1. With respect to the numbered conditions (1) part of a helix (DSSP H, G or I); (2) of a type outside the set (F, W, Y); (3) more than 23 Å from V94 (Cα to Cα), which one is the sole condition not fulfilled by M229?
2. Which one is surrounded by the fewest Cβ atoms within 10 Å (Cβ to Cβ) among residues in the range 237-254 that are at pLDDT 95 or above and among the hydrophobic types (A, V, I, L, M, F, W, C)?
3. Restricting to the range 150-198, give me the number of residues that are aliphatic (A, V, I, L, M), free of Cβ contacts under 8 Å to residues at least 24 places away in the same chain and closer than 30 Å to S215 by Cα.
4. Taking the condition of being over 28 Å from I242 (Cα atoms) and touching a Leu at 6+ places or on another chain (Cβ under 7 Å), how many residues in the range 74-106 meet it?
5. Would you mind telling me which numbered condition in (1) more than 30 Å from V65 (Cβ to Cβ); (2) modelled with pLDDT of 95 or more; (3) part of a loop (DSSP other than H, G, I, E, B) T124 fails?
6. Could you tell me whether any residue of the range 241-259 is in contact with a helix residue (DSSP H, G or I) (Cβ under 8 Å, 6 or more places away or on another chain) and farther than 26 Å from V94 by Cβ?
7. Determine which member of the set Q51, Q39, Q16 is polar (S, T, N, Q), out of contact with any Asp or Glu (no Cβ under 8 Å at 6 or more places or on another chain) and at pLDDT below 95.
8. Can you go through V87, V33 and tell me which one is outside any helix (DSSP H, G or I), over 24 Å from M239 (Cα atoms), of a type in the set (A, V, I, L, M) and touching a Cys at 6+ places or on another chain (Cβ under 9 Å)?
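The values are calculated or read from the model by the stated rules, or taken from the named source; none is laboratory data. Every value quoted in this text rests on a predicted model; they were computed, and no experiment measured them. Neighbour counts are summed over all protein chains in view; Cβ atoms, including those assigned to glycine, are modelled from backbone coordinates with ideal geometry.
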Amino acid sequence: MENTTIKRILIAGSGQVGSEIGFYFAARGLDVVMYDVSQGSLESSRERHGQFATALAAEGWWGTVSPAETLSRLTYETDLAKAAVDVDLVSESVTEAIDVKRETYEGLSLHCPAKTFFTSNTSTMLPSQIAAFTDRPERFLACHVARPIWARPMFEIMPHPGTDAGLVDEIVAFSRRMGLVPILIAKEHAAYISNSLIASFVTTGLDLVARGVASFEDVDRVWMIGTAMEMGPIGMVDMMGIGTVYNALSHMAEHGGRTELLPIVTYLKENFVDQGKLGVASGQGFYRYPDPAFRHAEFLK
């Protein structure tokens with residue numbers, strides 16, 4: 001299959017990350033079907049897409065088709081059999097839980113055409129862990145994006161030992177056609193390059209806050225003043241999604257032997273996750289959105 005035949009994409013998981021990926025590919029001229037078991041999640045995704053189109057059109061549009069055409073290329077479906085019709089590529093961004101991944105890929109394997117290849121945006125799992133859940137492990141690999149994808153356009157491509165080498169070449173070519181810089185991960189590594197670099201930064205900031213060493217605002221101020229960066233580690237947690245960070249750190253603590261992360265996991269669960277404060281996506285995390293305090297000049301004074 002030539003990469004130019006990738007015309008229809010199924011996004012499995014319509015949360016913040018899946019919604020951003022789906023919107024990006026639609027804006028690059030592909031037909032995108034958003035799939036989720038929850039109709040409510042799909043409606044929220046549709047609302048996000050409208051907000052993305054409005055905000056990005058005002059900031060300076062980067063898509064290869066208009067905002068209006070972008071929205072027309074997006075469809076929403078709770079029936080996987082219908083969503084999977086004639087799809088060329090699946091991009092999966094469901095919850096970072098092994099049982100959810102297994103159920104998702106078993107369903108995709110049942111309903112997707114033989115031509116379809118599967119990709120996962122997993123942040124914590126190795127592609128070889130997930131490939132076994134599919135009926136086509138040789139046509140599976142991880143493709144991880146930075147957020148938001150239109151502002152940080154790269155594709156971290158991680159095959160597993162059983163991935164067909166030709167598929168890797170196709171994904172590299174496809175990513176370039178989509179305006180994404182391909183970053184090939186030569187050896188399986190659960191945190192990719194980006195998350196490996198970010199993890200120490202974010203967990204150190206969260207540790208200082210969770211232990212009461214400093215306020216989350218002061219942790220961010222120190223970083224922003226000291227490095228002249230526009231965001232600190234706690235603001236980044238909000239942007240990444242507190243639920244996503246919580247799941248990743250939980251997985252590292254429980255399955256990666258990183259028990260020192262457990263106090264941070266407990267802190268996030270009790271103070272944010274259990275209260276529905278999930279960051280940018282929910283309108284409140286450590287900061288309130290859409291106008292967080294760290295965006296104001298007074299924050300650094």
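1. Among (1) part of a helix (DSSP H, G or I); (2) of a type outside the set (F, W, Y); (3) more than 23 Å from V94 (Cα to Cα), M229 violates only (1).
2. Selected residue: I242.
3. Matching residues across the range 150-198 total 2.
4. So the answer is 3.
5. Of (1) more than 30 Å from V65 (Cβ to Cβ); (2) modelled with pLDDT of 95 or more; (3) part of a loop (DSSP other than H, G, I, E, B), only one is false for T124: (2).
6. Scanning the range 241-259 turns up at least one residue that is in contact with a helix residue (DSSP H, G or I) (Cβ under 8 Å, 6 or more places away or on another chain) and farther than 26 Å from V94 by Cβ.
7. Q16
8. V87
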